[in-house]
Every structure is written in C-alpha cells, then in structure tokens.
Amino acid sequence: MGLIDKAKNAADEAAGKAKEAIGKATDNEKLVAEGQAEQTKANAKQAGENVKDAFKD
C-alpha cells in the first residue's frame with residue numbers, strides 16, 4: 001500500500017470520526033450514521049489494499 005493511500009484512508013477515517021462526534025454532540029442521528037459509514041468505507045479500503053499487498057510478495 002502506498003503512503004498516499006494510507007494517508008488518504010486515515011484522513012477519511014478521521015473525517016468520519018469527527019462527523020460522528022459532531023452528530024452525537026448535536027443529537028443528529030443522520031450525521032452520526034454518515035460518520036460511521038465513512039469510517040466503515042475507509043476501513044474497507046484499507047483492508048482491500050492490505051490484501052493486495054499480501055499477494056504482491
């Protein structure tokens with residue numbers, strides 16, 4: 001996995017966490033769900049990249 005991909009996935013996950021936290025603080029269930037979805041998407045991307053890296057060797 002490239003350094004840029006790792007950084008982008010980490011940034012996407014952090015944005016999701018922030019969105020979820022803001023949603024919880026403002027009692028906005030839609031924002032909480034969006035934040036959780038972004039985190040899940042970032043984690044899935046990272047897992048896919050890890051699988052690709054495992055098969056490159």
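Please treat every number below as a calculation from the coordinates, not as lab data. Values in this document were obtained by computation on a predicted structure and should not be read as measured data. When we count neighbours, we look across all protein chains shown, and the Cβ atoms used for this are built from the backbone with ideal geometry, even at glycine.
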Fill in the blank from the handout: Contact list, first residue from the stretch 14-41 and in a helix (DSSP H, G or I), second anywhere and surrounded by fewer than 17 Cβ atoms within 10 Å (Cβ to Cβ) and hydrophobic (A, V, I, L, M, F, W, C), beta-carbon distance below 7 Å, six or more apart or interchain, is LEU31/ILE22; GLU38/ALA15
Completion exercise
Checked the stretch 1-18 for anything closer than 12 Å to ALA42 by Cβ and touching a helix residue (DSSP H, G or I) at 6+ places or on another chain (Cβ under 7 Å); matches are ASP5, ASN9, ASP12, GLU13, ALA15, GLY16, LYS17
